[in-house]
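Heads up, the thing below is written out as structure tokens.
The values are calculated or read from the model by the stated rules, or taken from the named source; none is laboratory data. Computed from a prediction, not measured in an experiment: that's the story for all the values here. Cβ placement follows ideal geometry from the backbone for every residue including glycine, while neighbour counts extend to all protein chains displayed.
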Amino acid sequence: MNHAATVAIPTADRAQQAIGQIAVDLPGSTAVFRRLKLDFCCGGQVPLQQACASKGLPLDAVLAELAELERPSELPATESPEALVDHILARYHAVHREQLPELIRMARRVEAVHRENPDVPVGLAEHLETMEAELLDHMDKEEQILFPLFKSGGGAQARGPIHVMRDEHTGHGAQLERLMALTDDANPPRGACNTWRALYAGIAQLSDDLINHIHLENNVLFPQFEVQVQTGCGSACGCA
């Protein structure tokens, strides 16, 4: 499975890009624009440089904040358990915690503002809230139980938690299928406003990130410890 990556836009080009287009192209940017009170929906046709100037905002600082959202997914140079765990924590756990609250906020807005539109994704915000609760619980278990075992070399003790995490990954996959069904595979309808389009772009990124996150754990990280458990007899028998 290929790891998705956000294509970086040169700084000069980003400055001249309409903020509405940035909101659609760069998931997470809507939270930045909302905090800075930059109108990316109705006023989204204005270039970022002009929008910042009109608000007295330092363009370089805004560009730097947006650049932090361009998250590559390359694996660490070594696939040691310690390096993989650190990569997963930074690239996926931290990102999911940022993604979901903003997606939920936009979903609530789209469902409220466009409630008369037959294409409105009724129940999307509620579904994202369910996904957030389940993911937060799942990631807490990994951070508090499983990942410390990996880092301490406690392979034999990891078998049970790994089995639980694999089962929960299957549940996350089912939640993603429901998410795609609600949003027509994250394809906004014709004439959708910038908020609606940005919401679906963010959902597409969440889907790609979660799929890659699960793939990395199921197929790269977990097998390193399952092999240890299956082939090692441990020190108790005296042959270790």
Which of (1) without any contact (Cβ under 8 Å) to a residue 60 or more places away in the chain; (2) over 16 Å from residue 32 (Cβ atoms) does residue 107 not meet, given it meets every other one? (1)
Looking only at region 161-188, how many residues end up being in contact with a Phe, Trp or Tyr (Cβ under 8 Å, 6 or more places away or on another chain) and within 20 Å of residue 143 (Cα to Cα)? 3
Residues (among the hydrophobic types (A, V, I, L, M, F, W, C) and assigned to a loop (DSSP other than H, G, I, E, B)) located in region 161-190: 186
Filter result for residue 136 (within 21 Å of residue 197 (Cβ to Cβ), modelled with pLDDT of 95 or more and assigned to a helix (DSSP H, G or I)): no
With respect to residue 115, is the statement that it is closer than 23 Å to residue 24 by Cβ, basic (Lys, Arg), surrounded by fewer than 14 Cβ atoms within 10 Å (Cβ to Cβ) and free of Cβ contacts under 8 Å to residues at least 24 places away in the same chain true? yes
Scanning for something under 30 Å from residue 23 (Cβ atoms), of a type outside the set (Lys, Arg), surrounded by 19 or more Cβ atoms within 10 Å (Cβ to Cβ) and at pLDDT 95 or above, does region 164-171 turn up at least one residue? no
If residue 53 satisfies every condition in (1) modelled with pLDDT of 95 or more; (2) surrounded by 14 or more Cβ atoms within 10 Å (Cβ to Cβ); (3) among the small types (Gly, Ala, Ser) but one, which is the exception? (2)
For region 24-47, the count of residues that are acidic (Asp, Glu) and touching a Ser or Thr at 6+ places or on another chain (Cβ under 9 Å) equals 1
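Let's see how each residue does on (1) at pLDDT below 95; (2) within 26 Å of residue 94 (Cβ to Cβ); (3) of a type outside the set (Val, Ile, Thr):
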residue	(1), (2), (3)
25	yes, yes, yes
31	yes, yes, yes
39	yes, no, yes
43	yes, no, yes
48	no, yes, yes
67	yes, yes, yes
71	yes, yes, yes
Go through (1) touching a residue at least 60 places away in the same chain (Cβ under 8 Å); (2) charged (D, E, K, R); (3) over 30 Å from residue 42 (Cα atoms) and name the single condition residue 140 misses. (1)
Test: residue 109 is surrounded by 15 or more Cβ atoms within 10 Å (Cβ to Cβ), within 22 Å of residue 220 (Cβ to Cβ) and of a type in the set (Lys, Arg): no
Among residues belonging to region 43-68 that are of a type in the set (A, V, I, L, M, F, W, C) and in contact with a Cys (Cβ under 8 Å, 6 or more places away or on another chain), point out the one that is nearest to residue 103 (Cα to Cα). 62
